[in-house]
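To start, the structure itself, in structure tokens.
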């Protein structure tokens, strides 16, 4: 039995390593929920260690640490649930080879062979880990000013990315900015995907006048220039992170809903959907269990690409001074603050700019890789 | 009318709206089937067989399709064309189940076989929890899937066409229906598998006293298992009768043509007699008897008057020759 086969045959079982960190043997067997479990454990323990607090206390703590801990905790629970309940007819590990690979496993293998996508995922993981561990990684307090001797210092061994005009360490600010950008990107896209999928699915499945009305609403939203709408809304209300997330989410769902609608229109004519109707399943079940899972592939790809766009939109908004408000660091407002000194203090705008390029590019690479891996017409 | 019949379709008319106006794809079809009986429905492609079957379960998409008033589909006397949507959903799979033509595309590719059968079991029975699983394995075993406990975990793409069709039949049986409509169940399979699937359907019919409606363009398939046969042409039933007598002494020139165009293993080397021409378009059914443009023995009357079913020596057929010959 090869090493790999051994690992696979242990998939889903609890090994001695799980005493240290639950989920690790599932990860070794190449299971996604193992990755989730391990990642969320590391995040939780990391925050707890940084804050010198018990995990239980962390969950109730206000602010980003508390939110992050809470999200990790939920992900951990989800991963544990996945590990325990992997479908009624999930084979026991030793029978996996006989029952064969699931469509997801096949796609995962294709993804792992897609070098650019793996590179993108590695970069993204790095950015995510950095964002999570920022409090330990950041060499200085991002808001600590040094107006006397520390202003506009060029990159050096002490300040790797230099300092800004208030003498704050740029590296620390860019690291903290990563958290803001990623959180805004993820949350905004979550809203957009949920809304877009729901509206697109209902429009495509119901058809007729429901479809016509919903698609005209999509046209209406599409006819607003996104940035102008953002500027208007943010100018009317106080700019804040929740507001930016909501506005980005509410202006980003139309593409997804058109995509989902088109897919639903095609999938609902498939024979297995007709067979589901012939078995007496109601419309909710047919849509939710037999149509939607078969249209999610392009949605996953769109979500990945969408996060990149949301990060760009947040940066643009912050650059215009309407996004994340100083002193909170975001990539966009750091670039903005260095904009009028680009010739004498080039580092202020350059480093957060590079961070945006790197992150958005990673999301795009992963998105392309996912599209290729999930395409059922893909020939190996 | 007689309300004790298990399933009675009367004067079913289905129209589809298209670019060239509304086309009557099924035009006045009547048939019935009793428990434990196999009704075969045969005809060329496009004659309205499948549309009739879908109409029974209310599966015609509206728009573009429409079941015209005056049509009737009765299950033990209950008018299915008039019941509430929720009652209709209980009928589907619970009392009348359907097996489709393409086993390759009739299973959801993202769900395991066992989960798909389990879903049907939960929908139509009181089984829950572990009992569902046992029931699924029993059903898969019953339809002849070897090693059912493990095959339940397989994905559709891992099964052969014959196995998928067996899984489809298991799903159809999950709700313990009284009527099973099989729409070209063996067309996509190769010949040896065809015979086994037909054998399985026939076995299930006897075992469960099922009423089986077998739709096929293949006379051989229908002759093998059907007790009674309805021959459809251009949206109408042109001849119906007991299977053996219909194939030995067909009365309608179309049935005669169909029988003659099927190879006879006892007379190898014979030239097959093809029926000239093809099925007319539903947008432009010919006046009079719809078969007359292709009929070698058409009378003048066939061009104007539309015949209805009348007694023939062995069957009932819609042909003016029968009246004139009497």
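The values are calculated or read from the model by the stated rules, or taken from the named source; none is laboratory data. Since we're looking at a predicted model, the values are computed, not measured. So basically every Cβ, Gly included, is an ideal-geometry build from the backbone, and we count neighbours across all protein chains shown.
If I ask for residues that are surrounded by fewer than 15 Cβ atoms within 10 Å (Cβ to Cβ) and in contact with a strand residue (DSSP E or B) (Cβ under 7 Å, 6 or more places away or on another chain), which ones from the stretch B:4-21 would you list?
B:11
List pairs: first residue in the stretch B:59-78 and in contact (Cβ under 8 Å) with a residue 24 or more places away in the chain and within 14 Å of another protein chain (Cβ to nearest Cβ), second residue part of a strand (DSSP E or B) and exposed (fewer than 15 other Cβ atoms within 10 Å of the Cβ) anywhere in the structure, Cβ distance under 6 angstrom, at least six positions apart or on different chains.
Note: pairs meeting the criteria are B:64/B:17.
Test of understanding: among B:51, B:26, B:33, which residue is closer than 30 Å to residue B:244 by Cβ and in contact with a helix residue (DSSP H, G or I) (Cβ under 6 Å, 6 or more places away or on another chain)?
Going through B:51, B:26, B:33 in turn, just one is closer than 30 Å to residue B:244 by Cβ and in contact with a helix residue (DSSP H, G or I) (Cβ under 6 Å, 6 or more places away or on another chain): B:26.
I need the full set of residues from the stretch B:90-106 which are in a helix (DSSP H, G or I) and surrounded by 21 or more Cβ atoms within 10 Å (Cβ to Cβ), in order please. Break it down into steps so the answer makes sense when it comes.
The first filter runs over the stretch B:90-106 and keeps only residues in a helix (DSSP H, G or I), leaving B:90-94.
Answer for the stretch B:90-106, where residues must be in a helix (DSSP H, G or I) and surrounded by 21 or more Cβ atoms within 10 Å (Cβ to Cβ): B:91, B:92, B:93.
Of all residues being surrounded by fewer than 21 Cβ atoms within 10 Å (Cβ to Cβ) and touching a helix residue (DSSP H, G or I) at 6+ places or on another chain (Cβ under 7 Å) in the stretch A:227-245, which is modelled with the lowest pLDDT? Just the residue, please.
That would be A:227.
In the stretch B:32-49, which residues are buried (at least 20 other Cβ atoms within 10 Å of the Cβ) and not in a loop (DSSP other than H, G, I, E, B)?
The answer is B:33, B:38, B:39, B:40, B:41, B:42, B:49.
I'm told residue B:187 meets every condition in (1) modelled with pLDDT of 90 or more; (2) surrounded by fewer than 18 Cβ atoms within 10 Å (Cβ to Cβ); (3) within 18 Å of the chain's Cα centre (by Cα) except one. Can you identify the failing condition by its number?
Here residue B:187 meets the rest and fails (1).
Do we find a residue being part of a loop (DSSP other than H, G, I, E, B), at pLDDT 90 or above and buried (at least 22 other Cβ atoms within 10 Å of the Cβ) anywhere in the stretch A:250-265?
Yes.
Consider the stretch B:144-168. How many of its residues are part of a helix (DSSP H, G or I), within 8 Å of another protein chain (Cβ to nearest Cβ) and closer than 16 Å to residue B:108 by Cβ?
First, pick out the residues of the stretch B:144-168 that are part of a helix (DSSP H, G or I): B:148-151, B:156-158, B:161-168.
Cutting the leftovers down to within 8 Å of another protein chain (Cβ to nearest Cβ) gives us B:150, B:157-158, B:168.
If we keep only those that are closer than 16 Å to residue B:108 by Cβ too, we end up with B:157-158, B:168.
Final tally of qualifying residues: 3.
How about the stretch B:93-105: which of its residues are out of contact with any strand residue (DSSP E or B) (no Cβ under 8 Å at 6 or more places or on another chain) and either within 7 Å of another protein chain (Cβ to nearest Cβ) or within 19 Å of residue B:212 (Cα to Cα) (or both)? Please lay out each step first, then the result.
First pass over the stretch B:93-105, keeping only residues out of contact with any strand residue (DSSP E or B) (no Cβ under 8 Å at 6 or more places or on another chain): B:93-94, B:102-105.
Residues satisfying the conditions are B:93, B:94, B:102, B:103, B:105.
Scan the stretch A:210-233 and tell me whether some residue there is assigned to a loop (DSSP other than H, G, I, E, B) and free of Cβ contacts under 8 Å to residues at least 12 places away in the same chain.
yes
Just need a number here: residues in the stretch B:110-143 that are more than 7 Å from chain A (Cβ to nearest Cβ), assigned to a loop (DSSP other than H, G, I, E, B) and either surrounded by fewer than 23 Cβ atoms within 10 Å (Cβ to Cβ) or touching a strand residue (DSSP E or B) at 6+ places or on another chain (Cβ under 7 Å) (or both).
Count: 6.
Only residues in the stretch A:269-284 that are more than 7 Å from chain B (Cβ to nearest Cβ) count as the first member; pair them with residues that are not in a loop (DSSP other than H, G, I, E, B), Cβ under 6 angstrom, at least 6 apart or cross-chain, and list the lot.
A:273/A:290; A:276/A:286; A:276/A:290
Of the conditions (1) touching a residue at least 40 places away in the same chain (Cβ under 8 Å); (2) within 19 Å of residue B:50 (Cβ to Cβ), residue B:117 fails just one. Which one is it?
Of the numbered conditions (1) touching a residue at least 40 places away in the same chain (Cβ under 8 Å); (2) within 19 Å of residue B:50 (Cβ to Cβ), the odd one out for residue B:117 is (2).
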